[in-house]
Amino acid sequence: MGGLLAQTSVRADAGGYRRLLDFAQAQVPGQRCWAVEGAGSYGAGLTSFLQAHSERVVEVSRPKRPPRRSGAKSDALDAVRAAREALTQDHPLAPRRRGDWEALRVLLATRRNACAAKISAINQLKALIVGAPEELRAELRGLATKRQITRCAGLRDRPSRSLEHRMTVRALRSTARRIRRLAAEAAGLRAELERLVAAVAPWLLELPGVGPISAAQVLVSWSHAGRLRSEAAFAALAGANPIPASSGQVTRHRLNRSGDRQLNRALHTIVVARLRDDPVTRGYAARRTVEGKSIRDIRRCFIGRVSRPRSTWSWVVTAR
């Protein structure tokens with residue numbers, strides 16, 4: 001009924017988890033359900049311990065804060081809010097599986113950060129070229145980005161040049177070499193992801209439009225059979241299901257901008273690749289174009305089709 005029976009605090013280590021389980025068994029004998037906030041981060045240790053002891057665990061998002069700006073806040077209150085949040089959910093979500101899936105997740109996160117750092121370094125290199133002395137700027141301005149990186153990585157500062165020129169050359173060289181290191185790191189992580197995906201779900205890589213990055217993200221978000229109750233749940237997780245926004249005699253839907261945005265991005269990448277290379281998808285796009293759909297509407301419709309497990313590829317994920 002949402003009433004508070006008892007409370008306790010323990011250390012976030014193996015001994016504390018053991019005391020917490022003993023406390024729960026004493027208060028609630030028989031079957032229990034644990035609501036863990038941040039089951040993949042700060043609550044990962046507790047989640048793994050409870051699952052190892054055959055306890056049912058559900059994951060809850062950050063509990064809703066009181067509407068007042070000065071609402072009370074403490075760990076004990078947050079625990080109560082998390083438990084009551086789980087009680088309000090019709091279909092609570094099980095935590096993601098660890099093991100191979102966690103290995104994919106950490107590699108994806110690391111590669112994503114490496115790519116973001118590479119883009120930031122490229123922007124920095126462009127800014128340095130814009131503000132460089134005229135001789136350097138004239139030499140580098142008309143080149144493509146890859147050639148600019150190659151040229152800047154091989155620059156040498158000559159003692160006969162001015163201090164500004166020599167320091168600009170040093171900054172350009174350092175930035176270009178950093179871009180190369182980050183590109184090599186991202187390529188190595190991509191190769192490792194492809195190897196892991198080929199070991200966990202090799203059939204995904206055989207499907208049109210599905211590369212190792214998209215396949216890894218789908219596996220990480222989907223996690224395991226039974227975590228999502230239906231096709232609609234997977235589409236909602238991906239933010240690919242249209243949201244009813246009808247009023248009166250007006251019937252319409254709006255975009256779902258929530259859900260797992262990385263999964264939504266992976267589905268979008270698959271759809272774009274298929275629209276470019278897959279004849280079946282290009283035929284579907286041609287038919288919808290005749291019906292008056294724009295290319296953006298066609299992409300959204302096809303993302304919804306791809307997100308259904310019985311659709312073109314996702315059924316393979318649930319088959320295992």
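The values are calculated or read from the model by the stated rules, or taken from the named source; none is laboratory data. None of these values were measured; they are calculated from a predicted model. Don't worry about glycine lacking a Cβ; one is built from the backbone with ideal geometry, like all the others, and counts go over all protein chains shown.
For the stretch 155-252, the helices (runs of 4 or more DSSP H) that sit wholly inside it and include 2 or more residues that are at pLDDT below 85 are 231-237. Of all residues in the stretch 199-213 being of a type in the set (Gly, Ala, Ser) and surrounded by 14 or more Cβ atoms within 10 Å (Cβ to Cβ), which is farthest from His268 (Cα to Cα)? Only one residue tops the list, namely Ala201. Output yes when any residue across the stretch 225-236 is of a type in the set (S, T, N, Q), free of Cβ contacts under 8 Å to residues at least 60 places away in the same chain and farther than 30 Å from Arg98 by Cα, and no when none is. No - not one qualifying residue is present in the stretch 225-236. Summed over the stretch 253-282, residues that are touching a residue at least 40 places away in the same chain (Cβ under 8 Å) and not in a helix (DSSP H, G or I) total 2.
Within the stretch 98-153, take every residue that is part of a helix (DSSP H, G or I) and in contact with a His (Cβ under 9 Å, 6 or more places away or on another chain) and give me the one that is farthest from Val169 (Cα to Cα). Write out each step before concluding.
From the stretch 98-153, those part of a helix (DSSP H, G or I) are 100-130, 134-140, 145-153; that's our starting set.
Keeping just the survivors that are in contact with a His (Cβ under 9 Å, 6 or more places away or on another chain) gives 101, 135-136.
Details: Trp101: 44, Glu135: 11, Leu136: 8 Å.
Within the stretch 98-153, the match that is farthest from Val169 (Cα to Cα) is Trp101.
Filter the stretch 267-296 for residues that are out of contact with any Lys or Arg (no Cβ under 6 Å at 6 or more places or on another chain) and of a type in the set (S, T, N, Q); which is surrounded by the fewest Cβ atoms within 10 Å (Cβ to Cβ)? Within the stretch 267-296, the match that is surrounded by the fewest Cβ atoms within 10 Å (Cβ to Cβ) is Ser294.
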